[in-house]
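The values are calculated or read from the model by the stated rules, or taken from the named source; none is laboratory data. Since we're looking at a predicted model, the values are computed, not measured. Virtual Cβ from ideal backbone geometry, glycine too; neighbours counted across all protein chains shown. Accessible surface is based on the protein model in full, side chains and every heavy atom, while ligands, DNA and RNA are left aside. Shrake-Rupley method; radii C 1.70, N 1.55, O 1.52, S 1.80 Å.
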Amino acid sequence: DLADRCQQKAGDILEHVSTANTARDLDLLRRAVGDQKLTYHGISYGTHLGAVYANLFPNRIRAMVFDGSMDFVGNATGHNGTGTTVPLDTRQDVPRGIAETFDQFLRLCTEAGPKCAFSAGDPKAKWTAITARAKQGPITILGEDGPEAWTYSGIVNAAGDLSADSGWPDIATLLQRLYDAKDTAARTFGAQGEQYTSNRTEAFNAIQCTDSDVPTDPAIYSRYAESEDQRVPYFGRIGVLDMMSCAFWQPRDTDRYTGPWNRWTSAEILVINNRYDPSTPLHGAKDGAAELARARVFVTEGYGHSSMLVPSTCTEQVKRNYLISGVFPEPGKTCGIDANPFVGAN
């Protein structure tokens, strides 16, 4: 339905929304402001845009930071031609990033004691109990606007929403309320629609489905949903189903960029990633950096997605030193984050 309605609303423009075209626009902006070369800080998807720009215009790079970085081959075509047989985020192993970050959530919650609402007892065992109950039927809790029925999928998605560590205390509170809930009747309540404020979701789907090779057989997604949940319990199917709209996407941009990714650039690229990132896992950032001709990886010892959502004064200084002066961090240097999600300033 999303794919069909987007095509009805957007029409022919959907054949021109590839990252390659955005990279060409970016070069026009560089020329418009009179810069000889581009200075660029890209976050999350912005790292893919940066990688495409770097390979379309390799001699026009002054400095580039990729922050919360991707596996570019994995995103575009899949390694060894797996793009049409393996779902988009499955082949980049995003579920492993979510699971590893969730393990850190449970660890830090336990260590925080009463400062984390979910810390009493054994949080890992409590999580297992919550999900087992939810598989039998929705768990009902009282929300601000009345009763809320939380399904298994809703709980797993809420628990896996770990990109901004500032939201971790709220996730802990929700999990504890679900654990304490007495009403397990399988009742559902009318969904409260969120206010429509932007076309971010539609744009992300349009760009991603245009850029990437994807399976188009729904049966492939069904099979992977089962096998991935066995490989990465709870979170495996998120990476299977999150971009399933691409299976039904008809428009294609014949000018999209699929490589090569290793053209020699006029400057070396700095890739920054948190140790535990649920959206762009560190293993993918390392793979992406290895695909580039000139890049080095800097790790922030933190939890969450990119330095934008997980502040680190130390990492911010590393970025500025490079972007302004071209100075890379010393080999072996790492940074911490400014605050523990449950305790406060480190």
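Overview of results
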quantity	calculated
Value of Rg to Rh for the stretch 191-246 (Rh from inverse mean 1/r over Cα pairs, i.e. Kirkwood)	1.07
Count, lysine Cα pairs under 30 Å in the chain, 8 or more residues apart or across chains	16
Where only alpha carbons of the stretch 214-346 are counted, the Rg and the Dmax (Å)	18.7, 52
Where no second cysteine Cβ lies under 4.7 Å, the cysteines concerned in the chain	Cys6
Distant-in-sequence amide H partners of Gly143 (H built 1.01 Å from N, under 5 Å)	Glu148
Total charge dipole magnitude, the chain, about the Cα centre, Cβ charges on Lys, Arg, Asp, Glu only, Debye to nearest 20	640 debye
Sequence-separation-based contact order of the chain, relative, with Cα cut under 8 Å and 6+ spacing, percent	27 percent
For Thr131, net neighbour charge (Lys/Arg +1, Asp/Glu -1) across residues whose Cβ lies under 14 Å away	+4
Apportionment of accessible area to carbon and sulfur, the chain, percent (1.4 Å)	50 percent
Summed residue charge, Cβ within 11 Å of Arg30's Cβ, Lys/Arg positive, Asp/Glu negative	+2
Along principal axes, Cα extents of the chain, largest first, whole Å	64, 49, 37
Pairwise label distance in nanometres, Thr39 with Asn346, each label 7 Å out on the Cα-Cβ vector	2.7 nm
Computed helical MRE - 222 nm, the chain, DSSP H runs ≥ 4 contributing -39500 (n - 2.57), nearest 500	-13000 deg cm²/dmol
Taking only Cα atoms of the stretch 1-83, radius of gyration then Dmax in Å	15.1, 45
Stretch gain in nm, segment Asn80-Ile141, where the contour uses 0.36 nm per residue and the Cα spacing is subtracted	17.3 nm
Trypsin sites (Lys or Arg not before Pro) within the stretch 75-156, DSSP loop, no more than 16 other Cβ atoms inside 10 Å	none
Accessible area of the chain divided out per residue, in Å², using a probe of 1.4 angstrom	48 Å²
Most positive-pole-ward Cα, Gly143, Tyr53, Gln317, against dipole of the chain from beta carbon charges	Gln317
